[in-house]
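Written out below as structure tokens is the structure these notes cover.
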Amino acid sequence: MEWPLGAAAVFLIVGVLMLVLVVQSASGVQWTGIRVHGLSQAGVVTYTYQGIEYTVTDDAHKTYVTPHRVTVWLSRSDPEDNNKAFLANGIARWTDFGFVVVWLLAAAGFVIGGVIHHRRFL
């Protein structure tokens with residue numbers, strides 16, 4: 001049963017490293033930050049945090065003339081810094097989630113597979 005546990009340990013370590021990488025990335029603020037709602041129009045997002053209005057550029061929606069709601073994630077360490085603001089992006093959020101969960105599920109699979117294999121030959 002030694003090699004499945006060794007493989008599980010390696011996958012667990014990689015999973016933890018991926019978690020640290022995701023949390024420290026720019027898109028990691030979507031998991032750890034402060035969520036506020038803003039209004040995007042013609043490539044500019046306007047949002048309010050603690051009564052002060054901020055703006056961020058929205059390159060993905062420069063041609064949208066009608067205003068539409070967007071979610072803005074702010075850094076917990078410095079929510080007033082609009083340079084650290086991140087516009088919500090479902091693809092980036094779930095890709096980050098996948099990068100972490102795949103490694104942790106693989107580690108769990110090796111543990112479960114090793115236990116089942118070990119019990120079968122007792």
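The values are calculated or read from the model by the stated rules, or taken from the named source; none is laboratory data. It should be emphasised that the depicted structure is a prediction, and the values quoted were computed from it without experimental measurement. With ideal geometry, Cβ positions are generated from the backbone for all residues, glycine too; neighbour counts draw on all protein chains shown. Side chains included, ligands, DNA and RNA excluded: accessible areas come from the protein's heavy atoms. Shrake-Rupley method; radii C 1.70, N 1.55, O 1.52, S 1.80 Å.
Rank 46, 63, 95 by mean-square fluctuation in a GNM of the chain with C-alpha springs under 10 angstrom and give only the top-ranked residue. In the Gaussian network model the winner is 63. Springs join every pair of Cα atoms under 10 Å in this Gaussian network model of the chain, and among 65, 36, 56 the largest mean-square fluctuation is at 65.
Under a Cβ-only charge scheme (Lys and Arg +1, Asp and Glu -1), can you give me the dipole magnitude of the chain about the Cα centre, in debye to the nearest 20? Working shown, then result.
Details: 8 positive and 8 negative charges, 97 e Å.
It works out to roughly 460 debye.
Rolling a 1.4 Å probe across the protein heavy atoms gives the stretch 10-85 an accessible surface of 63 Å² per residue. Based on C-alpha pairs under 8 angstrom that are at least 6 apart in sequence, the chain has a relative contact order of 34 percent.
Loop-only check: which trypsin sites (Lys or Arg not before Pro) in the stretch 1-99 are DSSP coil with at most 13 other Cβ within 10 angstrom?
Numbers: sites: 35, 62, 69, 76, 84, 93; in loops: 62, 76.
Hits after loop and neighbour filter: 62, 76.
In a fully extended conformation the segment linking residue 37 and residue 78 would gain 13.0 nm over its present Cα-Cα distance, using 0.36 nm per residue. Projecting the Cα positions of 106, 16, 52 onto the charge dipole of the chain (unit charges on Cβ atoms of Lys, Arg, Asp and Glu, taken about the Cα centre) puts 106 furthest along the positive direction. Would you mind telling me which residue in 20, 29, 72 has the biggest mean-square fluctuation in a Gaussian network model of the chain, where springs connect alpha carbons within a distance under 10 angstrom? Highest fluctuation among the options: 20.
Here the spin labels are modelled as points 7 Å beyond Cα on the Cα-Cβ line, and at residue 2 and residue 115 they lie 2.2 nm apart.
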